[in-house]
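The values are calculated or read from the model by the stated rules, or taken from the named source; none is laboratory data. Everything numeric here is computed off the predicted structure, so don't read it as measured data. As a convention, Cβ positions derive from the backbone with ideal geometry for all residues, glycine included, and neighbour counts pool all protein chains shown. Quick note on the areas: whole protein, heavy atoms, side chains included, nothing else; ligands and nucleic acids left out. Shrake-Rupley method; radii C 1.70, N 1.55, O 1.52, S 1.80 Å.
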Amino acid sequence: MKRWFKWTAGSALLLTVIVAATAASGLYMAEQKRNRYIDIKPRPVAYTTEAQTIEHGRYLYASRGCTDCHGAQGTGREFVNDGKGTRIVGPNITPAGVVERYQPEDWNSVIRHGVKPNGCPVLVMPSEDYNRFTNDDLNALVSYVRQFNPQEGTQAVVELPRPAWVLYGLGAIPDAAARIDHQLAPSRPVPAGLTVANGQYVANMCIGCHGADLSGGKIPGGPPDWPAASDIRPGKDSAMARYASSASFVTMLRTGKRPDGTPIQVMPFESLGQLSDVDAQALYLFLTSPAGSTKAGGTGAGAGNGNVGRGAGDAHLVRVEQPQGPQDRPSNVPSVSSGLRMPG
């Protein structure tokens, strides 16, 4: 009995030492990863003040998750605070904020690659969702953001429990910059419309939570009480099976509720509710098309402000008819950042 007690006590002590050493190593490596230099050569973003391009950028900002972290006016906002050690605040991106000295290539570096102007990885920014933006869409989005009036706002805050930093340091929670193929060329534009190709392009905004193959699973870095992201690939086991028509799917995007009336948690409905009918229905086509690729990262260009999509150049416009239907988009639907990564 005495020998058993000594063996048990010794094993417990050894385990404690191993856990402590692993935690210390993880924290050290997390600090190293946060400050690592990532060598990329981003293309400069083309600024414009052309009205139609700015309006297209407004649509992208409202519908692709930007408002969830940075607010409608770009002044920043707190978007995660679970009261258990996780608090995330998006920074002010008006000209008075963190982007004050951004050069044209810095916008590309941060948005597409998840890399700060100093070469270090951006924390929480879900750049894997935006890496496949067409050049025209990225130009439009940045041109719209640069139109914000300078205002006081929030600074970036990333407060995570120590275990989360340990997992980040050990590689269990890779950041966005580590997930991105920085040599991959931007998506090639296709006409906006009710097509699988356009839906595939819109589905890029789903990558952060549902994964590159859209198979779902536990959201990396999310608080422990967050539910797993659903599998939204075509098939009998897909969450898409509960949407018998594009109308029911679009209603979910607008209301944040499943067809049976139950609310969906951890979805960026503040942004999803702003998708045009064209983009929302094209997304449904892609997610339910067995003949199409089940991966996001398509080559299409998203619809513009409901009815305009951009092609390879600013002069190429494609107009599609907007389907008729209710446009109710509640402003009080709970939301979190699209494709939230902690850190990432």
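Roughly speaking, to the nearest percent, how much of region 200-258's 1.4 Å accessible area is carbon and sulfur?
Values: 1280 of 2440 Å².
Heavy-atom surface of region 200-258 belonging to carbon and sulfur, 1.4 Å probe: 52 percent.
Under a 1.4 Å probe, what is the accessible area of region 178-234 per residue, stated in Å²? Intermediate results must be reported in sequence, preceding the final value.
Numbers: 2430 Å² over 57 residues.
Per residue, region 178-234 has an accessible area of 43 Å².
Mind listing which trypsin sites (Lys or Arg not before Pro) in region 35-100 are in a DSSP loop and have 15 or fewer other Cβ atoms within 10 Å?
Details: sites: Arg36, Arg58, Arg64, Arg77, Lys84, Arg87; in loops: Arg36, Arg64, Lys84.
Here the sparse-neighbourhood loop sites are Arg36, Lys84.
Provide, as a two-decimal number, the C-alpha radius of gyration of region 40-110 over 2.2 N^0.38 Å, N being how many residues it has.
On the way: Rg = 14.3 Å, N = 71, 2.2 N^0.38 = 11.1 Å.
Taking N as the residue count of region 40-110, the ratio is 1.28.
Compute the Cα gyration tensor for region 93-190, then decide on rounded, prolate or oblate, letting a ≥ b ≥ c be the square roots of its eigenvalues: rounded whenever a/c is under 1.5, prolate when a/b is larger than b/c in the other cases, and oblate in all that remain. Could you put the intermediate results ahead of the total?
Details: a/c = 2.44, a/b = 1.21, b/c = 2.02.
Oblate shape, in that a/c is at least 1.5 and b/c is the bigger or equal ratio.
Once each part is reduced to its C-alpha centroid, what is the distance from region 17-52 to region 243-274 in angstrom?
33 Å
Using the scaling law 2.2 N^0.38 Å as the reference, what is the normalised Cα Rg of region 117-255? Write out the running numbers ahead of the final one.
Numbers: Rg = 17.7 Å, N = 139, 2.2 N^0.38 = 14.3 Å.
Its radius of gyration relative to the 2.2 N^0.38 Å reference: 1.23.
In what sequence, highest mean first, do 233-241, 103-111 appear when ranked by Cβ atoms within 10 angstrom? Don't skip to the answer; put the middle values down first.
Numbers: 233-241: 14.7, 103-111: 19.7.
The packing order, highest mean first, is 103-111, 233-241.
Can you flag which of Lys84/Lys257; Lys84/Lys236; Lys116/Lys218; Lys41/Lys84; Lys84/Lys218; Lys33/Lys257 are past 29 Å Cα-Cα? Display every interim value, and only then the final one.
Values: Lys84/Lys257 27 Å; Lys84/Lys236 37 Å; Lys116/Lys218 27 Å; Lys41/Lys84 39 Å; Lys84/Lys218 19 Å; Lys33/Lys257 38 Å.
From Lys84/Lys257; Lys84/Lys236; Lys116/Lys218; Lys41/Lys84; Lys84/Lys218; Lys33/Lys257, over 29 Å: Lys84/Lys236; Lys41/Lys84; Lys33/Lys257.
Could you tell me what percent of the accessible area of region 9-155 is made up of carbon and sulfur, with a 1.4 Å probe and every protein chain present? Working shown, then result.
On the way: 3740 of 6810 Å².
In region 9-155, the share of accessible area belonging to carbon and sulfur is 55 percent.
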